[in-house]
1. Among the residues of the range 10-45, which ones are free of Cβ contacts under 8 Å to residues at least 60 places away in the same chain and of a type in the set (A, V, I, L, M, F, W, C)?
2. Need pairs with beta-carbon distance below 9 Å; first residue free of Cβ contacts under 8 Å to residues at least 24 places away in the same chain and closer than 11 Å to ILE174 by Cβ and within the range 81-96, second of a type outside the set (D, E, K, R) and assigned to a helix (DSSP H, G or I); sequence gap 6+ or separate chains.
3. Is there a residue in the range 146-162 that is of a type in the set (A, V, I, L, M), surrounded by fewer than 20 Cβ atoms within 10 Å (Cβ to Cβ) and assigned to a helix (DSSP H, G or I)?
4. Applying the selection to the range 118-128, what residues are over 20 Å from PRO14 (Cβ atoms) and at pLDDT 90 or above?
5. Specify which of the listed residues (ARG63, ARG96) is out of contact with any Gly (no Cβ under 6 Å at 6 or more places or on another chain), of a type in the set (Lys, Arg), crowded, with 20+ Cβ neighbours inside 10 Å and within 22 Å of ALA143 (Cα to Cα).
Amino acid sequence: MIPPPFRFEAQLSPEEFQKIGQLSLQWSHIENIIGTCLRVMQNLSEDEAATKVFGLTLDQRLRKMSELADQKPLNLEAKAAFDELKPVMEGIRYVRNNVAHAMVGEDDSGQFFLLRSRKRSLTKAEIFSTEELTNYTAHLVLALRYALGVENDPSRRWAMPDRPEIPEFLRSIIQAADQRSRWV
């Protein structure tokens, strides 16, 4: 096997690699379920959605969902889940993009994930502190999915847990999104 040439490899423990991988896969599943919800809101087939939904960015999907919800209001359960999902996704997207598109660096204070395009970095501790929020967001998208009838079982519901404490570094991002009346 060809060994990896990057210096950060040896500085991340197997547990840290596992946690980053776990969070990354959860973020991917959350985005996929958001796409599925948009597909259902547009009454598209799986084949139609492959190009009309799953080629869209997360921001485009959420904006389109907001537009559709304005045109044809969601049922109460779907509205509650979607209204909570929008601001929380701002924080999840912030972290996800920083992890997925970052380079790992290190300075005197430790390792960080630097997203050069946004000129921001997150520490491992900040990234790992989003685990509870990520799990919460996964519950929100499942609640939305069931409320929209994706499973074709109108009696099936998914309970939304209480919002966990927001990590300090995300509070202003999620609070600003909370204060918006709609996704922009």
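The values are calculated or read from the model by the stated rules, or taken from the named source; none is laboratory data. It should be emphasised that the depicted structure is a prediction, and the values quoted were computed from it without experimental measurement. Because the Cβ atoms are built from the backbone with ideal geometry, glycine has one as well, and the counts that use them run over all protein chains shown.
1. Once the filter is applied, which keeps residues that are free of Cβ contacts under 8 Å to residues at least 60 places away in the same chain and of a type in the set (A, V, I, L, M, F, W, C), the range 10-45 yields ALA10, PHE17, LEU25, LEU38, LEU44.
2. none
3. No, the range 146-162 contains no residue that is of a type in the set (A, V, I, L, M), surrounded by fewer than 20 Cβ atoms within 10 Å (Cβ to Cβ) and assigned to a helix (DSSP H, G or I).
4. ARG120, SER121, LEU122, GLU126
5. Working: ARG63 fails: crowded, with 20+ Cβ neighbours inside 10 Å.
None of the others qualify; the one that does is ARG96.
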